[in-house]
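The block underneath contains the structure these notes are about, expressed in structure tokens.
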Amino acid sequence: MDRLSVVQIIVDSGLLILIWLVQLIIYPSLCYTADKEFICWHKRYSGLISLIIIPLMLLQAGVEVMHFLRGDVRWHRVFLICVIWVSTFSFSAPCHGRLHCDGKNLITINRLVRTNWVRTVFWSLLFLETVLVSLNRYIK
């Protein structure tokens, strides 16, 4: 297995684990954070999670750029990644922005949880594709 495939498996695995933790535990728990502490906690959470999520998202896109430069354009993966990025900047980022400014708002938190399913499903699909392609290469 080449290095690029190893990086892809690590990145896709990390994003899969992270998005499911966020979807099932972190975002729903925002409803239970104390009102007075919410803005401070949310800003801390957002800053720290960004240190993990941004490099992983950039690496995931970078892997596809490397495949493109090799002449192996994987349009299905590019499409899935684009949907994730559009969802991130169209839904998740604005919700986080409102929570930063306005504090705890259950409508915004529920919208964040609901719209995050797009990223959860698409990152899961990317991971499954990575595993299936890797297994197929290994079996051959």
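The values are calculated or read from the model by the stated rules, or taken from the named source; none is laboratory data. Please read all numbers here as calculations on a predicted model, not as lab measurements. Don't worry about glycine lacking a Cβ; one is built from the backbone with ideal geometry, like all the others, and counts go over all protein chains shown.
The test for being modelled with pLDDT of 95 or more, part of a helix (DSSP H, G or I) and surrounded by 15 or more Cβ atoms within 10 Å (Cβ to Cβ) does not hold for S90.
Does segment 119-139 include one or more residues that are assigned to a helix (DSSP H, G or I), more than 20 Å from I53 (Cβ to Cβ) and among the basic types (K, R)? Within segment 119-139, one or more residues are assigned to a helix (DSSP H, G or I), more than 20 Å from I53 (Cβ to Cβ) and among the basic types (K, R). Taken across segment 67-88, residues that are at positive phi and in contact (Cβ under 8 Å) with a residue 12 or more places away in the chain do not occur at all. Listed by first and then second residue, the pairs with beta-carbon distance under 8 Å, at least 6 apart or on different chains, first residue in segment 33-49 and without any contact (Cβ under 8 Å) to a residue 60 or more places away in the chain and farther than 21 Å from L21 by Cα, second among the charged types (D, E, K, R) and not in a helix (DSSP H, G or I), form an empty list. I'm trying to understand the selection: among the residues of segment 93-120, which are among the small types (G, A, S) and exposed (fewer than 15 other Cβ atoms within 10 Å of the Cβ)? Residues satisfying the conditions are A93, G97.
Of all residues in segment 1-11, exactly one satisfies the criterion of being closer than 14 Å to P55 by Cβ and surrounded by 18 or more Cβ atoms within 10 Å (Cβ to Cβ), namely V11.
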